[in-house]
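To start, the structure under review is shown below, and the notes come after it.
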Amino acid sequence: MKHLILFSFFGALPFASAMSHHSINAEYDREAPISLNGVITGVEWQSPHIWYYIDVASEEGDIEKWAISGGSPNMLMRRGVYKSVLEIGMTITVQGFRARDGSNNAAGRQVTRSDGSNVFAR
């Protein structure tokens, strides 16, 4: 009986983790496109999505800190895109969609370097 209980317990884990991954539409608003120009201050290259952080100068001259969600590391690496393409201190422009809650959080779709080259598009 212990084996049956353990099997049932572990058998439920993949389902639970699949259910915990939500749609991009649940968190980000595709009707609210955003373009941000800023300097990279951090990069987290881990599953399920990469995150990179940028400082953006507001119209008033204040610095706004933004968190940008990107694609999965696995998907990006299969396309030949590695963590080294996002360097701290690099100025980038991010096209994406703003978080539904209005926070300084976005789903990045395209990243362009200051020289005009595209780093990746999600």
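The values are calculated or read from the model by the stated rules, or taken from the named source; none is laboratory data. Please read these numbers as outputs of a predicted model, since none were measured by experiment. Virtual Cβ from ideal backbone geometry, glycine too; neighbours counted across all protein chains shown.
Restricting attention to the stretch 75-92, which residues are of a type in the set (Gly, Ala, Ser) and part of a loop (DSSP other than H, G, I, E, B)?
Within the stretch 75-92, Gly80, Gly89 meet the criteria.
Would you check if there is a residue in the stretch 12-21 being modelled with pLDDT under 90, out of contact with any strand residue (DSSP E or B) (no Cβ under 7 Å at 6 or more places or on another chain) and in a loop (DSSP other than H, G, I, E, B)?
Yes - at least one qualifying residue is present in the stretch 12-21.
Whether any residue in the stretch 56-74 is aromatic (Phe, Trp, Tyr), over 15 Å from Met90 (Cα atoms) and touching a Gly at 6+ places or on another chain (Cβ under 8 Å) is what I want to check.
no
Does Val43 satisfy the criteria of being modelled with pLDDT of 95 or more and surrounded by 14 or more Cβ atoms within 10 Å (Cβ to Cβ)?
Against the criterion (modelled with pLDDT of 95 or more and surrounded by 14 or more Cβ atoms within 10 Å (Cβ to Cβ)), Val43 qualifies.
Restrict the check to the stretch 54-69 and report whether at least one residue is aliphatic (A, V, I, L, M) and in contact with a Ser or Thr (Cβ under 7 Å, 6 or more places away or on another chain).
Yes, the conditions are met somewhere in the stretch 54-69.
For the stretch 52-73, how many residues meet the condition of being at pLDDT below 95, closer than 26 Å to Asp29 by Cβ and exposed (fewer than 13 other Cβ atoms within 10 Å of the Cβ)?
Residues meeting the conditions: 3.
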